[in-house]
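*Asks:* Pasting a structure below so you can have a look.
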Amino acid sequence: MPIPASFEGRLKVPAIAAPMFLTSGPDLVVEACLNGVIGTFPALNQRSTEGFVEWLEEIEGRLAGQDAAPYGVNLIVHRSNPRLEADLEQVVKHKVPLVITSLGAVPELVKAVHSYGGLVFHDVINRRHAEKAAEAGVDGIIAVSAGAGGHAGNMSPFALVQEIRQVFDGTVILAGSISTGAQVAAARLMGADLAYLGTRFLATKESMVQPEYKAMVRDTRVADIVYTSKVSGVNANFLRPSVDAAGLDLDSTEAHAGLDMENEAKAWKSVWSAGHGVGAIDDEPSAAELCQRLSSEYREAMHKACNDEFGQ
Ligand SMILES: Cc1cc2nc3c(=O)[nH]c(=O)nc-3n(C[C@H](O)[C@H](O)[C@H](O)COP(=O)(O)O)c2cc1C
């Protein structure tokens with residue numbers, strides 16, 4: 001299945017600005033949407049459900065009557081997230097167009113979002129999780145491949161998209177080190193419908209992280225990214241200089257027992273996450289500039305692909 005019908009004609013490039021803890025807020029979401037990219041944020045970026053509702057109202061207000069891409073909210077479906085029920089209630093009340101779930105794929109949640117015409121995309125790092133998500137009735141599966149920022153997988157994007165396509169005929173979204181419009185085009189050519197970009201949006205003017213973090217994203221390369229479960233209990237990619245600055249010795253540090261949202265919140269404040277895509281990033285544009293650039297790079301790459309000498 002291609003891009004959902006409710007998104008048609010509203011995107012300038014087939015891409016989502018992925019939800020990022022401590023990073024994405026209303027400014028990033030609104031600027032992405034106004035420039036033809038689906039903007040998203042994690043509900044937990046606000047400290048309470050009341051704060052989450054304030055952001056929903058602000059985003060809805062700023063996008064009202066505009067020619068804009070839909071926006072989305074990320075919900076962490078895990079027992080250590082005590083806000084899930086209350087946040088979901090607000091998602092339904094506000095008819096959030098896109099809900100991105102992480103960790104648990106739950107049929108009841110999918111039903112609740114479908115009740116008002118919303119869509120659910122779920123992120124996975126392997127085929128087994130994709131099968132479970134498909135069973136839960138999600139509309140889209142996000143293939144989080146090796147090299148993605150945040151909780152990344154360890155599979156090649158080529159292998160993962162292919163295997164997910166074998167078990168799912170909904171929308172497939174590819175994540176992992178996508179930083180340019182040509183890479184968005186490559187994701188489409190290899191079988192994904194949409195691309196999912198996190199790290200690239202970390203280094204934008206509207207991203208809420210501190211200037212030192214953005215500078216580190218600009219200054220580092222793939223060799224500076226470390227994949228470890230020892231920061232929070234779940235395998236994720238982090239910027240090595242931030243691990244060193246926090247005084248963490250990964251060789252001697254004991255791994256945490258498993259995922260716990262409280263651990264995550266603490267850990268991610270001092271150790272900064274980013275994916276292998278950092279090597280392609282050396283500036284800090286506004287989100288609007290970035291989306292426009294992605295769109296023109298995408299068109300150029302697709303034009304080249306159509307005229308490829310081996311494709312004739
Ligand atoms: C700093 C940071 C924070 C993130 N926080 C979340 C989050 O709260 N929820 C979520 O579903 N994914 C989160 N992610 C993962 C992204 O949504 C996305 O899957 C990933 O960034 C895509 O790979 P890329 O960074 O290589 O573009 C985070 C990623 C980064 C870099």
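The values are calculated or read from the model by the stated rules, or taken from the named source; none is laboratory data. These numbers come from a predicted model, not from an experiment. Don't worry about glycine lacking a Cβ; one is built from the backbone with ideal geometry, like all the others, and counts go over all protein chains shown. Just so you know, the surface numbers come from the protein's heavy atoms only, side chains and all, with ligands and any DNA or RNA stripped out. Shrake-Rupley method; radii C 1.70, N 1.55, O 1.52, S 1.80 Å.
*Asks:* Calculated FRET efficiency, V222 and Q66, Cβ-Cβ r, R0 35 Å, to nearest 0.05?
*Replies:* On the way: r = 37 Å, r/R0 = 1.06.
With R0 = 35 Å, the Cβ-Cβ based efficiency is 0.40.
*Asks:* Another question, then. Considering only DSSP beta bridges whose two residues both sit in the chain, what percent are antiparallel, to the nearest 5? All intermediate terms of the calculation are to be shown ahead of the outcome.
*Replies:* On the way: 6 of 38 bridges.
Taking every DSSP beta bridge within the chain, about 15 percent pair in antiparallel fashion.
*Asks:* Compute, for region 211-270, the length of the dipole vector about the Cα centre, with Cβ point charges of +1 (Lys, Arg) and -1 (Asp, Glu) only. Units Debye, rounded to 20. Working shown, then result.
*Replies:* On the way: 7 positive and 10 negative charges, 56 e Å.
Roughly 260 debye, rounded to the nearest 20.
*Asks:* Name the chymotrypsin sites (Phe, Trp or Tyr not before Pro) in region 56-130 that are in a loop by DSSP and that have at most 16 other C-beta atoms within 10 Å, would you? Display every interim value, and only then the final one.
*Replies:* Working: sites: Y71, Y116, F121; in loops: Y116.
Those satisfying the criteria are Y116.
*Asks:* Ok, one more. Under 13 Å from a point placed 7 Å out from the Cα of E262 along the Cα-to-Cβ direction: which residues of region 64-106 have their backbone N that close?
*Replies:* Only 80-82 fall inside the zone, counting backbone N under 13 Å.
*Asks:* Residue by residue through region 70-78, what is 3J(HN,Hα) from phi via Karplus (6.51 cos²θ - 1.76 cosθ + 1.60, θ = phi - 60°)? Round to whole Hz and write x for glycine and proline.
*Replies:* x, 10, x, 10, 9, 10, 8, 9, 8
*Asks:* I'd like the GluC sites (Glu not before Pro) in region 1-106 restricted to DSSP loop residues with at most 13 other Cβ atoms within 10 Å, sorted by number.
*Replies:* Numbers: sites: E8, E31, E50, E54, E57, E58, E60, E85, E89; in loops: E8.
Hits after loop and neighbour filter: E8.
*Asks:* What residue among V13, V73, Q166 has its Cα farthest toward the positive end of the dipole of the chain, where the charges are +1 on Lys, Arg and -1 on Asp, Glu, each on the Cβ?
*Replies:* Q166
*Asks:* Moving to a separate point now. From the residues S296, P107, A148, which one has its Cα farthest along the dipole of the chain in the positive direction, the dipole being from +1 and -1 charges on Cβ of Lys/Arg and Asp/Glu about the Cα centre?
*Replies:* About the Cα centre, the residue reaching furthest to the positive side is P107.
*Asks:* Give the residue list of trypsin sites (Lys or Arg not before Pro) in region 64-142 that are DSSP loop and have at most 16 other beta-carbon atoms within 10 angstrom.
*Replies:* Working: sites: R79, R83, K93, K95, K111, R127, R128, K132; in loops: R79, R83, K95.
Passing both the DSSP loop test and the Cβ count: R79, K95.
*Asks:* Whole number in Å², please: accessible area per residue of region 211-270, 1.4 Å probe, ligands, DNA and RNA not counted. Mind showing how you got there, number by number?
*Replies:* Working: 3190 Å² over 60 residues.
Averaged over the residues of region 211-270, the accessible area is 53 Å².
*Asks:* Now a separate question. Using a cut-off of 13 Å between beta-carbons, work out the net charge of the residues near G51 (Lys and Arg +1, Asp and Glu -1, G51 not included).
*Replies:* Values: positive: R47, R83; negative: E50, E54, E57, E58, D87.
Counting the neighbours of G51, the net charge comes to -3.
*Asks:* Take D251 and Y116, extend 7 Å from each Cα along the Cα→Cβ direction, and tell me the distance between the two endpoints in nm.
*Replies:* 5.3 nm
*Asks:* Using amide H atoms built 1.01 Å from N in the peptide plane, name the residues 5+ places from V231, or on other chains, whose amide H lies under 5 Å from its own.
*Replies:* Placed amide hydrogens put nothing under 5 Å from V231.
*Asks:* In addition: Roughly how many percent of the accessible protein surface of region 1-61 is carbon and sulfur, given a 1.4 Å probe and a whole-percent answer?
*Replies:* On the way: 1150 of 2280 Å².
Heavy-atom surface of region 1-61 belonging to carbon and sulfur, 1.4 Å probe: 51 percent.
*Asks:* Ignoring ligands, DNA and RNA, please state the percent of accessible area on region 211-270 from carbon and sulfur, probe 1.4 Å.
*Replies:* Numbers: 1520 of 3190 Å².
Carbon and sulfur atoms account for 48 percent of the accessible area of region 211-270.
*Asks:* Applying 1/(1 + (r/R0)^6) with R0 = 35 Å to the Cβ-Cβ distance of S80 and C306, what FRET efficiency is obtained, to the nearest 0.05?
*Replies:* Numbers: r = 48 Å, r/R0 = 1.37.
Efficiency computed from Cβ-Cβ geometry: 0.15.
*Asks:* Send over a whole-number figure in Å² for the accessible area per residue of region 147-198, probe 1.4 Å.
*Replies:* Details: 1810 Å² over 52 residues.
Result: 35 Å² per residue.
*Asks:* What does the accessible area per residue of region 16-95 come to in Å², with a 1.4 Å probe and no ligands, DNA or RNA counted? Don't jump to the answer; show the numbers that get you there.
*Replies:* Working: 3240 Å² over 80 residues.
About 40 Å² of surface per residue is accessible.
*Asks:* With a cut-off of 8 Å between alpha carbons and a minimum separation of six or more residues, what is the relative contact order of the chain in percent? Write down the numbers at each step before the final one.
*Replies:* On the way: 649 pairs, mean separation 54.3, N = 312.
About 17 percent, as a whole number.
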